[in-house]
Amino acid sequence: MMAGPPPTSPPGSPPAPPAAPRHADWRFLLAHPAHLVALGFGSGLAPRAPGTAGTLWAWLVFAGLQDLLGPAGWAGVIAVSAPLGWWACTRTAQRLGVADPGAVVWDEVLAFWIVLWLLMPASVWAQLAAFVLFRFFDAAKPGPVGWVDRRFKLRPGQAIGWTQGAGILLDDLVAAAGTLLAMWALAWLMPAMGIL
């Protein structure tokens, strides 16, 4: 007797995670729109420091579209990118079988867009300082950034779900808040110390 096709999940339910974690590559990137978004349109496939590559991609896109969109346009892009990113990051993490895959960089993209949107107008040097600070907060995860990151980790026996998808985004949003606070402090301290 021939075995039938393997059972599938009911429509709308999350896909079953693979038996072993998958590796993100170009084929995976192009297999589903969620992957394309979550992997930062390919920037997350960088062999080293994908988070830095995703942040650089975000900066380049922002610089390229800044004059075209303006502050109101960027507010709209960010408002759409947050729920879109939650969906894309959750689905991509489920398909990779990893709760917070390194190749998923939409969290860096969204967070750095917010930083630049709130920081502008700013010189290239100020944007570079924001880039360095954001990468520090995102990578080192000091204080509240680390607390949020730990809060959304998988517990034993738990499946990757919307909570982990939210966690992928939230720690970077807290890193963005830390970056903006640090930039504000620098803008206040440097003139007070006679540096500017």
Practice prompt. For residue 112, state whether it is surrounded by 13 or more Cβ atoms within 10 Å (Cβ to Cβ) and either under 25 Å from residue 64 (Cβ atoms) or at pLDDT 95 or above (or both).
Written response: yes
Practice prompt. Scan the range 94-125 residue by residue and report those that are of a type in the set (Gly, Ala, Ser) and either within 19 Å of residue 53 (Cα to Cα) or in contact with a Leu (Cβ under 7 Å, 6 or more places away or on another chain) (or both).
Written response: 99, 102, 103, 111
Item to complete: Could you list, in sequence order, all residues of the range 151-186 that are at pLDDT below 90 and either assigned to a helix (DSSP H, G or I) or not small (Gly, Ala, Ser) (or both)?
Response: 151, 152, 153, 154, 155, 156, 158, 186
Response to the item:
Here the qualifying pairs (Cβ atoms under 6 Å; residues six or more apart or on different chains; first in the range 36-57 and buried (at least 17 other Cβ atoms within 10 Å of the Cβ); second of a type in the set (S, T, N, Q) and in a loop (DSSP other than H, G, I, E, B)) come out as none
Fill in: Single residue of 157, 161 found to be over 16 Å from the mean Cα position of the chain (by Cα), surrounded by fewer than 16 Cβ atoms within 10 Å (Cβ to Cβ) and in contact (Cβ under 8 Å) with a residue 24 or more places away in the chain
161
Practice prompt. Can you run down the residue pairs with Cβ atoms below 6 Å, 6 or more apart or on separate chains, where the first is in the range 107-135 and without any contact (Cβ under 8 Å) to a residue 60 or more places away in the chain and the partner is among the hydroxyl-bearing types (Ser, Thr, Tyr) and not in a loop (DSSP other than H, G, I, E, B)?
Written response: 130/179; 133/179
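Within the range 128-145, can one find any residue that is part of a loop (DSSP other than H, G, I, E, B) and crowded, with 17+ Cβ neighbours inside 10 Å?
Within the range 128-145, the first condition is being part of a loop (DSSP other than H, G, I, E, B), and the residues that meet it are 141-143.
Cutting the leftovers down to crowded, with 17+ Cβ neighbours inside 10 Å gives us 141.
Within the range 128-145, one or more residues are part of a loop (DSSP other than H, G, I, E, B) and crowded, with 17+ Cβ neighbours inside 10 Å.
The values are calculated or read from the model by the stated rules, or taken from the named source; none is laboratory data. Note that the structure is predicted; figures quoted are calculated from it, not measured. Here the Cβ is made from the backbone with ideal geometry for all residues, glycine too, and neighbour counts use every protein chain on show.
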